Amino acid sequence: FSVGQVVNIKAKVNRAFNSSMEVGIQVSYEDLCSGKHCSICKAYATFVAQGPFGSKVKLKPLTPQTEEEKIEYSIAAERRRMRLVHKDTLKDLLTRSPRETELETRDGSVAVPAEKTRVESVELVLPPHANHQGNTFGGQIMAWMENVATIAASRLCHAHPTLRAIEMFHFRGPSQVGDRLVLKAIVNNAFKHSMEVGVCAEAYGQEMSISRRHINSAFMTFVVLDQEGRPRTLPMVAPEPGEGERRYREASARKKIRLDRKYVVSCKQTEVPLSVPWDQSNKVYLSYNNVSALKTLVAKANWALAREKEKVRMYTLEEDKFLSFRIEMSVHIAASQAFSLLSDLRRRHEWDRHYASAELVQQVDDDDMIYHVVSQTLSHENKPQDFVILASRRKPCSKGDPYVVAFRSVTLPTHPASAGFTRGETLCSGFCIWPESEEMSKVAYYNQATPGYLNYVTTNVAGLSSDFCATFEACEKFLLKNKEDLIMRLQAL
C-alpha cells in the first residue's frame, strides 16, 4: 500500500489456554479515491500473561459466540500444537537433507560469500520506544530488525528487496529504556527467486556488560521484483564454514516447511486435489489440515435436522459445492473409551458394513496413522473401492473440547491405485466425542460429500438417512459390547 491510503488493523483473542493466548491479526488497506479494499496480511501472535516478578497468571477461558469465532477457537489448539512441534519438524528435515552445498551461482559464476551480507546496528531504547512499564514495544524491535534485514538482503541483490514473509518473531525476553540493542542480520541462503535473512537482537545496559541478553530472533523471506512485478533470479550464497553451513541447511528446511504449509494449509479445499501426496516433511501440516477441516465443519452454524429416529439424529448442511452430514447420539460409554475404540480403523468393519477391511500401513506417531481401506461398496465400474486414509487423533486440549478422530485421503507411493479396485477419496470426515458425564458421551460422525458424490446423495437422501441411522445404531452396539473388554485391558497396563 502507498502513502495516503487507510490501513485497517483488526485483532481479536481467538483462544486463551492456561497462561498463553492466541491473537489473530488481519491487516488491510482502503484506497479513499477508488474505494478499493485489499487484504495485506494475516498473522497469529502468542502472548503470555505474567504477574509480579514474572509469575504465571492463569487465564479465564474464552467463550466464542459467532460461527467464525468458534472456528478460530477450535483451530487455535491445532495451531498451538503445530508451533510446539516446529523444532522437531525442522530437526527431522535436517537429518534427511543432503549436507553438500552448491557454491556456484546459476549462471556459473562464483557464489556471493554470506559474510558480505552481514549487517550489525546498535539502537538506544528511548522513552518513546517503550510502554508505561518501561519495556520496549515489540513492534519497535520488529521494525529495527526488519531494517537491518533489508540492508543485508540489499547487499546480496544490489537492488531494493521486498519483504514477502516472516517465519516467526520469537521474543525471548524484554528490554528496557536505556538499553542498547545490537541488531545482527545475514543472508542465510538464497534460492532462485527468494532469500532468507536471519536476524537476532541482543540487549545490554549502560554499564557495557560483557554478557548480552538474546531477546529476539526471526527469519525473513525477501524477493526482488522487476518492473512487471515478477520475481528476479537471485545469485546464490556461499555459507561460512561451521555455523554458516548450519544456517544454510536450516534455511532450506524452513523453505520446504513454508511450501508444505502454503500448499496444504493455506489453499482452499476446491483448489487442491483431495488426496494430497504424503511425505515426512509435510506430515505436520497434513495432520493440521485434517483436524482443522473437521473442526471447521463441526463449528458450522446452519446444520438442519433431517431425521430423528429414537436416539439417532441426522443433520445436513448444504454449502457451496458440498453437502455434509452429521449423525449423533448419546451412548452409555466414557468419552475416552469411545475415542479409543473408534480411532482404530482396523475395527471399523465390526460395525460398519461398508468396510471390508482396513490395514495399518504406517504408524506416523502416537496421534497419526495411515490405513489402506477396502470398501464393500462397488463403484460404477463394478469394482470394490479402496482408500488410503490419514487418521489423526486428538485428545481434548481443555475442558469442553471434544475427542477428535479426523479422516482424509492421502497419496502414498507404496500404495498406488491398482486395477482390481476403484480408488476412492474422502475430503473430510471423522468423529467428535463430547463427555456428557463420567459414563455418558455424545458421539457425532461428520462427512463432507465430495462434488462427484453430490448428485448421488441428493437423489437418495431418504434411503441414505435410513442407512446412516442403521450404521450408527450398529456403532452404538459395538461400543457397548467392547467397553468392558477395553476397561479390563486398560486396568492390566
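Sort out which residues of segment 1-16 are out of contact with any helix residue (DSSP H, G or I) (no Cβ under 7 Å at 6 or more places or on another chain) and either closer than 23 Å to P61 by Cα or modelled with pLDDT under 90 (or both), and write them in order of number.
Taking segment 1-16 first, the residues out of contact with any helix residue (DSSP H, G or I) (no Cβ under 7 Å at 6 or more places or on another chain) are 1-13, 16.
Of everything in segment 1-16, those that are out of contact with any helix residue (DSSP H, G or I) (no Cβ under 7 Å at 6 or more places or on another chain) and either closer than 23 Å to P61 by Cα or modelled with pLDDT under 90 (or both) turn out to be F1, S2, V3, G4, Q5, K10, A11, K12, V13, A16.
Output the residues belonging to segment 402-425 that are open to solvent by 20 Å² or more (accessible area, probe 1.4 Å) and assigned to a loop (DSSP other than H, G, I, E, B).
Matches in segment 402-425: P402, P413, T414, H415, P416, A417, S418, A419, G420, F421, E425.
Looking at H349, H372, which one is closer than 19 Å to T426 by Cα and part of a helix (DSSP H, G or I)?
Numbers: H372 fails: part of a helix (DSSP H, G or I).
It is H349.
Hey, can you tell me all the residues within segment 346-394 that are of a type in the set (A, V, I, L, M) and open to solvent by less than 50 Å² (accessible area, probe 1.4 Å)? Walk me through it before giving the result.
At the first step, the residues of segment 346-394 found to be of a type in the set (A, V, I, L, M) are 356, 358, 360-361, 364, 369-370, 373-374, 378, 388-391.
Within segment 346-394, A356, A358, V361, V364, M369, I370, V373, V374, V388, I389, L390, A391 qualify.
Residues that are modelled with pLDDT of 90 or more and not acidic (D, E): does segment 421-430 have at least one?
Taking segment 421-430 as the starting set, the residues that turn out to be modelled with pLDDT of 90 or more are 429-430.
Cutting the leftovers down to not acidic (D, E) gives us 429-430.
Yes, segment 421-430 contains at least one residue that is modelled with pLDDT of 90 or more and not acidic (D, E).
Quick check on L93: is it more than 23 Å from I166 (Cβ to Cβ) and not β-branched (V, I, T)?
Details: more than 23 Å from I166 (Cβ to Cβ): no; not β-branched (V, I, T): yes.
Taking the combined requirement at face value, the residue does not satisfy it.
I'm checking my understanding of the structure. Among residues of segment 261-299 that are of a type in the set (F, W, Y) and either part of a helix (DSSP H, G or I) or open to solvent by 50 Å² or more (accessible area, probe 1.4 Å) (or both), which one is modelled with the highest pLDDT? Spell out the reasoning first.
Narrowing segment 261-299 to residues of a type in the set (F, W, Y): 263, 278, 285, 288.
Checking which are either part of a helix (DSSP H, G or I) or open to solvent by 50 Å² or more (accessible area, probe 1.4 Å) (or both) leaves us with 263, 285, 288.
Working: Y263: 64, Y285: 82, Y288: 88.
Only one residue fits best here, namely Y288.
Being in contact with a strand residue (DSSP E or B) (Cβ under 6 Å, 6 or more places away or on another chain) and either free of Cβ contacts under 8 Å to residues at least 40 places away in the same chain or farther than 27 Å from D279 by Cβ (or both) is the filter here, so list the residues in segment 229-263 that pass it.
P231, P235, A238
Looking for something small (G, A, S) and either more than 19 Å from R247 (Cα to Cα) or modelled with pLDDT of 95 or more (or both) - is there at least one such residue anywhere in segment 160-172?
No - not one qualifying residue is present in segment 160-172.
For F53, which of the numbered conditions (1) in contact (Cβ under 8 Å) with a residue 60 or more places away in the chain; (2) in a helix (DSSP H, G or I) fails to hold?
All conditions are met except number (1).
The values are calculated or read from the model by the stated rules, or taken from the named source; none is laboratory data. As the structure is a prediction and not an experimental result, all values here were calculated from the model. Quick reminder, even Gly has a Cβ in these numbers, built from the backbone with ideal geometry, and neighbours come from all protein chains shown. Just the protein is used for accessible areas: all its heavy atoms, side chains included, with ligands, DNA and RNA removed. Shrake-Rupley method; radii C 1.70, N 1.55, O 1.52, S 1.80 Å.
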